[in-house]
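Peer 1: Following this message is one structure expressed as structure tokens.
The values are calculated or read from the model by the stated rules, or taken from the named source; none is laboratory data. On a predicted model such as this, the values are computed, not experimentally measured, just so you know. Calculation scope for accessible area: heavy atoms of the full protein, side chains included, ligands and nucleic acids excluded. Shrake-Rupley method; radii C 1.70, N 1.55, O 1.52, S 1.80 Å.
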Amino acid sequence: MKLLISSVVIALKSIAGNKLRNSLTVLGIVLGVFTISTLLSLAFGVREEVTKQIEDLGSNLIAVVPGKLNASGGGFNPSASLGASTLTEKDFDSIEQQLPEIKNLSMAMLVSGTVKVSDKVSSSSLIFAASEKILPNLNTSIESGRFFDNVEIEENSKVVVLGSKVKEMLFVSDNALGKELEIRGHKFQVIGILKSKETSSTLFGPNLDDLVIMPITTGWKITDTKQIFRMMMHSPTTEQADEYKSKVKDIILTNHGGEEDFSVVTQEEILGVVGDILDILTAMIGAIATLSLVIGGLGVMNIMLVSISERTREIGIRKAVGANNAHIMVQFLVEAIVLSFIGGLIGSSLSGIVAVVVSTLSPIKLVFSPFVVLVSIGFSVLVGVIFGVAPALSAARKDPIKAIRSE
Amino acid sequence: MIDIVRVSKEYRFGRESFFALANISVKIEDGEYVAILGPSGSGKSTLMHLIGGLDRPTDGDLIVDNENLSELNDGELAEFRNKKVGFIFQSFNLIPNTSLYDNVSLPLVYSKHKLPDEKEKIRGLIDSVGLSHKTRNKPSQLSGGEQQRVAIARSLINDPQIILADEPTGNLDSKNGTEVMRILENLNKKGKTVIIVTHDQELAKETDRIIKLRDGKII
Ligand SMILES: Nc1ncnc2c1ncn2[C@@H]1O[C@H](COP(=O)(O)OP(=O)(O)OP(=O)(O)O)[C@@H](O)[C@H]1O
Ligand SMILES: [Mg+2]
């Protein structure tokens with residue numbers, strides 16, 4: 001214990017005695033730990049966000065998308081299935097008839113084009129055509145006005161519901177309800193505004209505030225194609241998600257004569273895939289962080305070797321008054337650990353500051369938890385141990401007489 | 001007692017070999033005041049390092065305080081240096097950037113057992129070499145004579161029986177040299193075995209017994 005305390009004191013003294021040199025060395029560790037810590041915070045933040053989405057949408061959400069995807073491992077790309085769809089209205093009707101207990105069954109298609117109001121054009125908005133019960137599937141609801149009803153769908157009514165951002169862009173602060181706008185040369189009446197969400201849906205990709213939604217039949221009519229690029233629904237309970245997933249699949253399979261040119265996925269699977277992608281990303285950046293820590297560690301090793309060769313005589317003196325190899329070993333190992341621990345502390349603090357700043361100034365949430373601090377500082381200590389051992393051993397093995405005679 | 005039995009220290013350079021000490025036998029009783037005298041290169045320091053367990057002979061046995069040093073492993077030899085001997089060097093060998101106080105207490109860092117009255121003992125020793133007003137000074141802030149007195153205090157902290165001093169006055173002016181010799185003589189009067197390595201005949205005469213070395217042999 002006395003040895004450990006004295007080792008820490010000696011280490012701090014020696015580090016303080018060579019501030020510039022040691023600051024440069026510590027920089028490598030600072031960078032490495034900063035990267036690890038920030039990445040971990042980011043990973044936890046995104047994971048929290050993903051989990052929140054699952055909870056918001058309910059894990060009983062089921063979606064049917066055109067094209068065969070390999071959800072288990074192949075990766076799911078929400079936009080890859082925007083091509084010609086083999087899903088038909090018949091599929092929708094079959095599900096509706098055979099599984100009346102299913103909730104919020106809805107379908108949607110993409111209508112390309114821009115939205116115009118006199119001279120204002122919103123080209124970034126995404127125009128969808130959808131059936132009546134789409135909103136719960138997007139985890140959003142009406143802020144003002146109303147959503148279109150079955151009658152309007154039957155009659156191909158030219159009505160639209162706008163996302164809050166689109167509304168603001170086209171009508172600024174005016175009341176948009178009842179106003180007219182133009183899509184692909186057709187006049188539409190605004191009947192409702194969506195609640196502002198600022199989150200994106202994994203199934204629709206873009207920000208929900210950018211959406212313009214019209215009745216599905218109207219979409220079919222103005223594009224002159226009867227496309228369906230999404231069907232969404234909720235199984236009666238969360239536990240039944242997988243059961244209904246296969247039921248839905250069987251129904252469509254029968255309709256398509258056994259050809260599996262579509263995919264049925266659950267919300268959990270999709271978010272799981274997003275999580276997988278995140279894992280790969282985390283691993284990749286983690287590798288970079290590790291690399292920078294290794295470089296930092298090599299810096300520590302180098303500076304320890306320099307410090308030891310400068311203090312050879314001190315080692316000889318210590319041995320002459322009774323230090324054994326283990327004592328010397330511990331002294332220099334502690335010095336390496338203290339050095340990288342300081343780096344870890346600084347890197348981790350910087351990362352904490354960045355986490356707070358980024359989280360307040362941007363929608364990205366960084367979760368800088370005690371666990372993150374523990375892991376990052378733990379890493380720095382580990383680096384100190386790994387890269388301190390060899391120099392410490394070389395110090396411990398010095399011959400006392402040669403050491404004491406060295407200058 | 002120090003019993004040196006047919007001790008040799010051989011250095012090999014390829015096929016060449018050189019005996020720094022060649023088959024030396026000598027006994028030094030507890031409480032003796034001895035000088036090891038000889039010209040440069042005669043093996044004085046080598047002998048002192050062997051007695052103090054800082055080095056190992058290539059042949060023969062050193063029995064110090066009933067312990068055969070050849071039978072001790074490296075760790076035990078370190079403990080032997082810590083407890084049984086105190087070294088004083090020509091070039092003082094204090095640890096730089098470290099206070100006088102910490103230099104004196106250095107051997108305690110490596111002691112297995114804590115002294116009950118550690119602080120008083122350190123202060124007492126610093127006081128006895130007349131440096132109590134400079135406890136916080138670093139070696140670079142001390143004169144040569146003062147540094148050597150710190151080294152003496154350090155050598156005494158664990159109450160060793162044997163004090164080994166290698167040219168202790170070699171880097172000092174005559175006034176400081178005399179002061180150091182007076183301290184060593186007093187230590188001997190208090191019962192310590194004091195061994196002084198020197199090439200200075202006059203200095204050697206101050207001791208009770210002179211062991212003369214030449215070319216690694218006792219003459
Ligand atoms: N590590 C070594 N390798 C080879 N020869 C050595 C080594 N150490 C000492 N010697 C030789 O051993 C001999 C005795 O050395 P030692 O240091 O004991 O001399 P000394 O009597 O103390 O001399 P001085 O008065 O100059 O200090 C010298 O000739 C020296 O060159
Ligand atoms: Mg010598």
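Peer 1: Rg over Rh of the stretch B:24-129, using C-alpha atoms and the Kirkwood radius, what does it come to?
Peer 2: When Rh is taken as the Kirkwood radius, the ratio is 0.99.
Peer 1: Given Cα pairs under 8 Å that are at least 6 residues apart, what percent is the relative contact order of the stretch A:60-265? It would help to have the intermediate numbers written out before the result.
Peer 2: Details: 423 pairs, mean separation 74.8, N = 206.
So the answer I get is 36 percent.
Peer 1: Have a look at A:S394, A:S263, A:S59 and tell me which one the Gaussian network model of chain A (Cα, springs below 10 Å) gives the largest fluctuation.
Peer 2: A:S394
Peer 1: Tell me the relative contact order for chain A as a rounded percent, counting alpha carbon contacts under 8 Å between residues six or more apart.
Peer 2: With pairs under 8 Å counted, the relative contact order is 30 percent.
Peer 1: Ok, one more. From the backbone phi of the stretch A:256-270, what are the Karplus-calculated ³J(HN,Hα) couplings (6.51 cos²θ - 1.76 cosθ + 1.60, θ = phi - 60°) in whole Hz, Gly and Pro given as x?
Peer 2: Along the stretch A:256-270, the couplings run 8, x, x, 8, 8, 9, 8, 9, 10, 10, 9, 3, 5, 5, 5 Hz.
Peer 1: Quickly estimate the mean residue ellipticity at 222 nm for the protein assembly as shown, helices only: each DSSP H run with n ≥ 4 gives -39500 (n - 2.57), and the total goes over all residues, rounded to 500.
Peer 2: For the protein assembly as shown, the value works out to -16000 deg cm²/dmol.
Peer 1: So which residues in the stretch B:57-86 end up with at least 50 square angstrom less accessible surface once the other protein chains are there, compared with the chain by itself, probe 1.4 angstrom?
Peer 2: Residues shielded by partner chains are B:R81.
Peer 1: Find the Cα radius of gyration of chain A, compare it with 2.2 N^0.38 Å by division, and give the number to two decimals. Don't skip to the answer; put the middle values down first.
Peer 2: On the way: Rg = 31.5 Å, N = 407, 2.2 N^0.38 = 21.6 Å.
Taking the Cα Rg and dividing by 2.2 N^0.38 Å, one obtains 1.46.
Peer 1: Report the A-B buried area as the accessible area lost on both sides summed, probe 1.4 Å, in Å² to the nearest 100.
Peer 2: 1900
Peer 1: Leaving out ligands and nucleic acids, and using a 1.4 Å probe, what accessible area per residue does the stretch A:60-265 come to in Å²?
Peer 2: I get 44 Å² per residue for this part.
Peer 1: Let me ask another. How big is chain B by the Kirkwood estimate over distinct Cα pairs, in Å?
Peer 2: On the way: mean 1/r = 0.0561 Å⁻¹.
After inverting the mean inverse Cα-Cα distance, the result is 17.8 Å.
Peer 1: Here's something else I'd like to know. On the accessible surface of the stretch A:60-265, probed at 1.4 Å, how many percent belong to carbon and sulfur atoms?
Peer 2: On the way: 4250 of 9120 Å².
Carbon-and-sulfur percentage of accessible area, whole number: 47.
Peer 1: Any chance you could check the stretch A:305-349 for residues losing 40 Å² or more of accessible area when the partner protein chains are in, compared with the chain on its own (1.4 Å probe)?
Peer 2: Those residues are A:R313, A:I317, A:R318, A:A320, A:V321, A:G322.
Peer 1: Once you have the alpha carbon radius of gyration of the stretch A:60-265, what is it after dividing by 2.2 N^0.38 Å, with N set to its residue count?
Peer 2: With N residues counted in the stretch A:60-265, Rg over 2.2 N^0.38 Å equals 1.02.
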